[in-house]
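The values are calculated or read from the model by the stated rules, or taken from the named source; none is laboratory data. All values reported here derive from a predicted model rather than from experimental measurement. Reconstructed Cβ throughout: ideal geometry from the backbone, glycine too, with neighbour counts over all protein chains shown. Heavy atoms of the whole protein, side chains included, go into the accessibility calculation; ligands, DNA and RNA do not. Shrake-Rupley method; radii C 1.70, N 1.55, O 1.52, S 1.80 Å.
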Amino acid sequence: MKPVIVSGLKPSGELHIGNYLGMLKQAVELQDSNKYRCFYFIADYHALTQRYNPKEKSEEIYRMAVDALAMGLDPKKSVIFIQSHVTEHANLTWILNTITPVGKLQGMIEYKEKLSEGQAPNTGLLDYPVLMAADILLYKAEFVPVGEDQRQHIELTREIARTFNDRFGGTFKEPKAVHTKSLRIMSLDNPLKKMSKSIPAGCLYLADSPKTIREKIKRAVTDSLTTIDYDPEKRPAISNLVLIYSEFSALSISKVVKNFKGIEYGKFKDDLADLIIKTLKPFQERRAKLIKNKQLVMKTLAEGDKSATLVAQKTMKEVAKKVGLI
Ligand code: TYM
């Protein structure tokens, strides 16, 4: 049996290059390597933990599924599905809730961040990491491709798996997070903050037009020095742009720095914008076609839901028996 990979995308806002470089790019590479059994899903239940408009949410869920497919997640190679369509995600969450201390959840970084941003602490928000653990453990995943911001959630998933196995007998694997070198793409308007759907001003979206991409890169903050260099501690803004260039060009960071030696910020930014526009073009073309073909997209997702459900039901049966349900 091939090792299992699981990862999800939360449909709150549009996908940006942080999602692409931190997760999607490697999710597609792992899928294409043919070495793993990949499960990728749209984490719609997770998206309900923040205030939203139901009509807009349905659109967002659909668009995110289209984007994931257009980016190269391939239903012939991976199981691609909608989280809420596989009801076992919620069922397993309940069981895992009963072995997860509340204090652990109250101490999670993302939860505390959301509260400090003024979000109401609904129970779903507190329980968010347990639902994530259920997402991963249902498929007995060994690897989870994610950005650095999800590291603590994967750690907690490992702890929950261990606790379950200790109490009820060996059932789950302890999954490992797998990161790219773009662990953390920073915001274009503030290099000390992560690029995040919750700060749209600093995001470069995958669906941005060439004109918008050029404008956003032009406006991206740099620093008062003039050289192109990579030193995330001392020069976070230019280092972030160099990292983005390196990832989009597949050149090493040192090669990018070398190629732009003595070249001014304006020219570097122009080249970076060209590179991003060129790389995203095929995605944007596929997206434009797919978005109009709702029937095909929904059929593809329904097939994914079915395949995921078969695996999820098997695990859930095993879990129910182990915890003493009849
Ligand atoms: P989400 O939708 O916020 O982000 C999707 C993926 O993109 C990564 N990411 C980044 N990587 C680098 N730099 C950034 N600035 C950046 N911003 C986002 C995230 O780390 C993530 O991998 N809770 C998850 C969704 C989820 C999930 C799961 C993931 C639900 N269940 C189970 C893995 C396994 C989330 O909100 O991701």
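Does at least one position in segment 54-63 carry a residue that is in the same structural domain as A133 (by TED's automatic domain parsing), of a type outside the set (A, V, I, L, M) and not in a helix (DSSP H, G or I)?
Kept after step one, since they are in the same structural domain as A133 (by TED's automatic domain parsing), are these residues of segment 54-63: 54-63.
After this cut, where a residue has to be of a type outside the set (A, V, I, L, M) as well, the list is 54-60, 62-63.
From the residues that got through so far, the ones that are not in a helix (DSSP H, G or I) too are none.
Looking for residues that are in the same structural domain as A133 (by TED's automatic domain parsing), of a type outside the set (A, V, I, L, M) and not in a helix (DSSP H, G or I), one finds none in segment 54-63, hence no.
Scan segment 220-232 for residues that are touching a helix residue (DSSP H, G or I) at 6+ places or on another chain (Cβ under 9 Å) and under 20 Å from D270 (Cα atoms) and jot them down. Walk me through how you get there before you give the answer.
Here is the first cut: in segment 220-232, the ones touching a helix residue (DSSP H, G or I) at 6+ places or on another chain (Cβ under 9 Å) are 220-223, 225-232.
The answer is A220, V221, T222, D223, L225, T226, T227, I228, D229, Y230.
Being open to solvent by 30 Å² or more (accessible area, probe 1.4 Å) and either touching a residue at least 40 places away in the same chain (Cβ under 8 Å) or touching a Lys or Arg at 6+ places or on another chain (Cβ under 6 Å) (or both) is the filter here, so list the residues in segment 56-78 that pass it.
E60, I61, R63, D74, P75, K77
Being open to solvent by less than 20 Å² (accessible area, probe 1.4 Å), in contact (Cβ under 8 Å) with a residue 24 or more places away in the chain and either in the same structural domain as M64 (by TED's automatic domain parsing) or not charged (D, E, K, R) (or both) is true for just one of S239, S249. Which residue is that?
Details: S249 fails: open to solvent by less than 20 Å² (accessible area, probe 1.4 Å).
Matching residue, one of S239, S249: S239.
Kindly indicate the residue of segment 1-24 that is at pLDDT 95 or above and surrounded by fewer than 23 Cβ atoms within 10 Å (Cβ to Cβ) and also farthest from the ligand (Cβ to nearest atom) among those meeting that condition.
Of everything passing the filter in segment 1-24, K2 is farthest from the ligand (Cβ to nearest atom).
Of all the residues that make up segment 215-226, how many are of a type in the set (S, T, N, Q) and surrounded by 15 or more Cβ atoms within 10 Å (Cβ to Cβ)?
So the answer is 1.
Looking at (1) at pLDDT 95 or above; (2) within 18 Å of G8 (Cβ to Cβ); (3) near the ligand (Cβ under 10 Å from one of its atoms), which is the one condition that is false for F143?
(3)
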